[in-house]
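Any read-out appearing in this document is the output of simple, stated calculations on the displayed coordinates, not a laboratory observation. Quantities reported herein were computed from a predicted structural model and do not represent experimental measurements. Cβ placement follows ideal geometry from the backbone for every residue including glycine, while neighbour counts extend to all protein chains displayed.
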Amino acid sequence: MSSNSGIQIPSRLPLLCTHDGVLLPGSTMRISVDTARNMQLVKSRLLKGTSLKSTIIGVIPNTRDPEHDSDELPSLHSIGTAGLAVQVVGSNWPKPHYTLLITGLCRFRVTQLLKEKPFPVAKVEQLDKLEQHTEGDQADGELGELSQRFYQAAVQLVGMLDMSVPVVAKLRWLLDSLPKETLPDVLASMIRTSNKEKLQVLDAVDLEERFKKALPLLTRQIEGLKLLQKTRKLRPDDDKRVLAIRKGGVFPGRQFSLDEEGEDEDSDDTAMLEKKVKAAAMPEAALRVCLKELKRLKKMPQSMPEYALTLNYLEMMVELPWSKSSTDCLDIRAARVLLDNDHYAMEKLMRRVLEYLAVRQLKSTLKGPILCFVGPPGVGKTSVGRSIARTLGREFHRIALGGVCDQSDIRGNRRTYVSSMPGCIINGLKTVGVNNPVFLLDEVDKLGKSLQGDPAAALLEVLDPEQNHSFTDHYLNVPFDLSQVLFIATANTTATIPPALLDRMEVLQVPGYTQEEKVEIAHRHLIPHQLEQHGLTPQQLQIPQDTTKDIISKYTREAGVRSLERKIEAICRTVAVKFAEGHKVSRAESPTEQHADQNTENKKEDSGIAAPPEMPIVIDPIALKDILGPPVFEMEVGGIKDKVLAAHRANLKRVIIPKRNEKDLEEIPPHVRADLDFVFASTLDEALNAAFDGGFPAAVSHLQVVSKL
Ligand code: ADP
């Protein structure tokens, strides 16, 4: 069928020789270009040309695969498809090549090869009409009947697919709007056909012959699908399954295939997920969203980034404890015993906590304030929070707010990137697996602020009983009820807690401990706990009270007991190692006895036999020094740079800093350093003398207090 009317393709076409795949008119195909001739064609025609005409090339299929890019042009198939290059993408990996996206326009026949180098150019004859077909362009006779049969088969095929898939709906629409004579090409490129079969369709220049060649291919696809659907009916779960349209896109977009294989695995995954969604007992709104996402997921090819995004989302949704909660077991009398047993010297705090819990027990929907424990580090704020959870029989989760300066840390990111995540509240709920845990909001005074929104505002919403029953994390995008969560906050100071947050809280001060209290805490709690952690018993290791006092006064400087606990831990560790090695650390004798004993001990060691440690190992001052090193008198302080810069700004001339901090002066800009007079003090004397012009009279000689700074 030669064309005398309609749109004409150029009479000379550069030829792109392909050996894989057959481009049919009306379909779009990706072609990888890496041979020298084809590369040349892309460079000089597609990349340099500016006119629409220069983007039209002739695609010749079935060219021998050029193993070595030989000089000689292989013999060319006489019929090709003129195509419009709609996209050219270049890459250097793994070797230089281009990927072309080409839409087939019409058939052509090569009438004369005009040149072979650097790429072949031929004189061509256009074989298909290229024009806007009008309605009523109906063929009669056998052709008319054939085209009608073909059309009906195509309608039947599309009817077997899931119409809710947009691409299927579009295909259905195309069947009616495309001229019938284009259907064999369009459908042959979509259904499962071999290259050889496609080549036969391409070579069928005569339309009647083309219908005859393509119809059996279409019928074969229909039969194949029928068979598949029948076997699937036997599996009840799957009968609503979407028939696979793997790559999406229809003419004039990308090709798709009705390939069914390899889909079963995905459908198993989604079927499993569907079951989980239904079993997650989520509220109506969340369920609706999940089912919608699930439906989308089923239609998505796995290679799409959105697939992973949707899958992650659904997995998160099914894991959340929408209606899973633990049973509260609050017995106020038992709670008092438990809280007392866990902590020492906290009577006032415990009394308030018990009141709080008692009121909660009477009125479970308490909308009272949030308890906020304020005090220096290591005074047991976190540990009281943990005890409260234990008393109530609830799960405990700590949320560290120190340094959080982005709203999305609390409320999550919108689901736009693969790395999007829910915020710390929803993540915490997922971790504990119940919707009524105790959440400890640690260090609310260290919340930051940034351009990404004020996290305090998000936190306020989390804590507000009027709002938190429908807290919406940006990632989930559906409300989650937080009203059953018991929030407790901690802070080192109230000064930096955002006022609106502070307003919602009842502040309970947890002051530091006296030396005597610390000794009690160590002996009642810290030592037994550390012994247990290291698999030791009091029969193996004993730390006398005097040693504890030494640790407190000589090795720690803190309001709480965190460093004290660490030192005790270090002692337990060393002793545990000694036990493991079968050695002895020290004994409880007086220093003289000990020296006398050391000789025999040395002998034992010399003989190479590891003596079993004598029990109990008692940590005396000497053993303490062995384990922890010499006592620390001088301690450095933090923030020297900021402090010195502030002094400089305030026009001060002399700065007294602890000797240990001398090294920190390196961080201070030289011009600031040059303006100031630094005094490095290691005793109180030195500090006082430097602070007063002419010295500090009372500080002479008799006041030899060793500074602990
Ligand atoms: P904070 O949260 O105040 O910084 P932690 O709760 O982490 O302090 O306490 C540090 C350690 O000290 C924990 O092991 C804790 O059990 C212990 N601790 C602190 N205060 C007491 C106390 N009054 N009684 C018993 N143990 C305490």
Original post:
Cα-Cα over 31 Å: which of K278/K299; K129/K295; K95/K170; K446/K549; K625/K653; K449/K641?
Top reply: K129/K295; K95/K170; K446/K549; K625/K653
Original post:
Among 375-386, 188-199, how do they line up from the highest to the lowest mean number of other beta-carbon atoms within 10 Å?
Top reply: 375-386, 188-199
Subject >> Environment charge of C290, counting only residues whose C-beta is closer than 14 Å and scoring Lys/Arg +1, Asp/Glu -1 >> reply: +4
**OP:** Just subtract the alpha-carbon distance of T494 and Q152 from 0.36 nm times their residue separation and send over the number in nm, one decimal.
**Re:** 115.4 nm
Original post:
By a straight-distance test (C-alpha under 19 Å), which lysines pair with K230 as possible cross-link partners, with residues fewer than eight away in the same chain excluded?
Top reply: K240
Subject >> Ranking of W173, W93, W322 by count of other Cβ atoms within 10 Å, fewest first >> reply: W93, W173, W322
Subject >> Spin-label pair K625/E355, simplified geometry with 7 Å Cα→Cβ offset, distance in nm >> reply: 5.1 nm
Subject >> Around V88: net Lys/Arg minus Asp/Glu count, Cβ-Cβ under 12 Å >> reply: +4
**OP:** Find out how many positive minus negative residues lie around T472, taking Lys and Arg as positive, Asp and Glu as negative, among other residues whose Cβ is under 14 Å from that of T472.
**Re:** -1
**OP:** Name the shape class, rounded, prolate or oblate, that the alpha-carbon gyration tensor gives for segment 481-591, where a ≥ b ≥ c are the square roots of its eigenvalues, rounded holds for a/c under 1.5, and otherwise prolate holds if a/b is larger than b/c and oblate otherwise.
**Re:** prolate
Subject >> Bridge type composition, segment 391-533 - antiparallel percent by DSSP, nearest 5 >> reply: 25 percent
Original post:
Which ordering of V318, V577, V59 is given by a fewest-first count of other beta-carbon atoms within 10 Å?
Top reply: V577, V318, V59
Original post:
By per-residue mean of other Cβ atoms within 10 Å, what is the highest-first order of 565-572, 45-52, 423-430?
Top reply: 423-430, 565-572, 45-52
Original post:
Sorted by average packing, counted as other Cβ atoms within 10 angstrom per residue and highest first, what order do 433-446, 658-671 take?
Top reply: 433-446, 658-671
Subject >> Charged-residue dipole, Cβ positions (Lys, Arg, Asp, Glu), segment 158-228 about Cα centre, Debye nearest 20 >> reply: 240 debye
Original post:
Going by how many other Cβ atoms sit within 10 Å of their own, how do H529, H343 line up, fewest first?
Top reply: H529, H343
